[in-house]
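Colleague: Below you will find the structure I want to go over with you.
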Amino acid sequence: MKVYIGTDLEGVAGVVTFYAQTSPGNPGYEAAKRLLTGEINAAVEGLLTEGVEDILVCDGHGPGAVHYESLHPAAKLLHGRPLAPRAVRDAVVREYDVCMMLGQHALAGKPLANMNHTQNSQAIDAYRLNGKLIGEIAQFALYQGALGLPLVFLSGDEEACREAEDLIPGIQTAAVKRSLGRNSAISLSISRSHELIRTGAAEAIRRQRQAPLSPLVWPGPYVLEKRYFHTDSADAAADAPDAERVDGQTVRLHGDDIRDLIYR
C-alpha cells in the first residue's frame, strides 16, 4: 500500500497560537516546524510496521512547515512555494492508494476549536459547498477523493477529529490536544501525541485492508460560496469571469469538476 500524507501546522500538539507560531518570523515558528515533523515521523513509523513502503508527505501549511533535516528517512517530501501546478501533482498523487492528514484544525467559526480557520485566517469567513459549510478537511478529502484516494486517518485537535468523523464515518483519528479557545488548548505531551499518531496510522491501514473506506465523492454539479471578512477581498474575487457576486462579502462559483472549484 502507498500512502499520501497532507500536513498542516495548526493541529499539532504544542502549537496553539497564531501570532507566535504559524508564520516565518514568529518567535515559535521554527520550534513549531519541528513539532509537526515529529508527528509526521511518528505516523511514518506506524505505517512502516504495517508494511507500507512508499510514503509521500505534502507540506501543506501556507508558507511551508516541515523541518526537512529532521524528516524520517522512509518519507519523501513534496514541497516548495509555490507548489507545482495541481495537474502535475495530481499525476503523482494518483499513484497512491490512500491519504491521511496530520496537524489538522477545524473549520472557521467552530466554537472553541483551537486555531480554527478555513484557508486564510485573515480573509475567509466561510466556505459553503452546495449549501453545506465546509473546511479544509472536506476540501482535502473531496479533492483526493476525486483522484481515487480515500481519507483514512487524521490527527489534530479534538474538534478537527470530530469534524472528520462526521464527514467520513469510520475514519481513524488521533486527538493530540483539547481545544479551549481559538488561541488556547491543552496539548498532550510530545511522547503521548506521537504514540497516538503512530498507533492510529497503523490501525488505519489495518482497517483499510479489512473493511476499506471509499473515496469521498459528492455528486455534482457544484456551487461554492466564499464569504470574506471584508468587502475589498470580495471585490477582488468577484473580478473572476465566472464569479457571481451574492452580496458585499460573498462570491459564488459554479463547476462540474470538484477539482476545478474546491480550492478557488
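Colleague: Students often forget the sequence filter, so: which lysines lie under 26 Å Cα-Cα from Lys2 once same-chain residues fewer than 8 apart are removed?
Modeller: Counting by Cα, and skipping residues close in sequence, Lys2 has these lysines nearby: Lys33, Lys76.
Colleague: Okay, moving on. Listing Cys58, Cys99 from the residue with the fewest other Cβ atoms within 10 Å to the one with the most, what is the order?
Modeller: Cys58, Cys99
Colleague: Related question: State, to one decimal in nm², a quarter of the convex hull surface area for the C-alpha atoms of the chain, i.e. the direction-averaged projected area.
Modeller: 13.2 nm²
Colleague: If you average the alpha carbon positions of segment 114-174 and of segment 196-264, how far apart do those two centres end up, in angstrom?
Modeller: Distance between centres, Cα-based: 9 Å.
Colleague: Let me ask you something else. How big is the antiparallel share of DSSP beta bridges in the chain, given as a percent to the nearest 5?
Modeller: Close to 50 percent.
Colleague: Rank Ala84, Ala237, Ala13 by mean-square fluctuation in a GNM of the chain with C-alpha springs under 10 angstrom and give only the top-ranked residue.
Modeller: Ala84
Colleague: If I build a Gaussian network model for the chain, linking alpha-carbon pairs within less than 10 angstrom, which residue out of Asp97, Asp239, Asp125 has the largest mean-square fluctuation?
Modeller: Asp239
Colleague: Among Ile205, Ile137, what is the fewest-to-most ranking by other Cβ atoms within 10 Å?
Modeller: Sorted ascending by nearby Cβ count, the order is Ile205, Ile137.
Colleague: Over the Cα atoms of segment 137-210, what radius of gyration and what Dmax do you get, in Å?
Modeller: Looking at segment 137-210, its Cα Rg and Dmax stand at 13.1, 39 Å.
Colleague: May I pose another question? Could you tell me which of rounded, prolate or oblate describes segment 65-142, using a ≥ b ≥ c as the square roots of the eigenvalues of the alpha-carbon gyration tensor, with rounded for a/c under 1.5 and, failing that, prolate when a/b is larger than b/c and oblate otherwise?
Modeller: It comes out prolate by the Cα gyration axes.
Colleague: Local charge sum around Asp242 (other residues, Cβ-Cβ under 14 Å, Lys/Arg +1, Asp/Glu -1)?
Modeller: -2
Colleague: Can you compute the modelled spin-label distance between Glu203 and Asp54, with each label point 7 Å from Cα toward Cβ, in nm?
Modeller: Result: 2.8 nm between the two label points.
Colleague: At a threshold of 8 angstrom on Cα-Cα distance, excluding pairs fewer than six apart, so keeping six or more, what relative contact order does the chain reach in percent?
Modeller: 21 percent
Colleague: State the dimensionless ratio Rg/Rh of segment 1-149 (Rg: radius of gyration of Cα atoms; Rh: Kirkwood radius).
Modeller: Radius of gyration over Kirkwood radius for segment 1-149 works out to 0.95.
Colleague: Same structure again: What is the ratio of the Cα radius of gyration of segment 222-261 to 2.2 N^0.38 Å, where N is its residue count, to two decimals?
Modeller: 1.10
Colleague: Here's another thing I want to ask about it. Around Pro24, under 11 Å between beta carbons, what's the net of Lys plus Arg minus Asp minus Glu among the other residues?
Modeller: Within the 11 Å Cβ shell, the charges total +1.
Colleague: Then there is this: For a quick check: sort Ile258, Ile197 by the number of other beta carbons within 10 angstrom, fewest at the front.
Modeller: Starting with the residue having the fewest Cβ neighbours, the order is Ile258, Ile197.
Colleague: Could you give the alpha-carbon Rg of segment 88-198 over 2.2 N^0.38 Å, rounded to two decimals?
Modeller: Compared with the compact-globule rule of thumb, segment 88-198 sits at 1.09.
Read-outs: derived from the displayed coordinates by stated rules, not from any lab. Remember, predicted model here, so these are calculated numbers, not experimental data. When we count neighbours, we look across all protein chains shown, and the Cβ atoms used for this are built from the backbone with ideal geometry, even at glycine.
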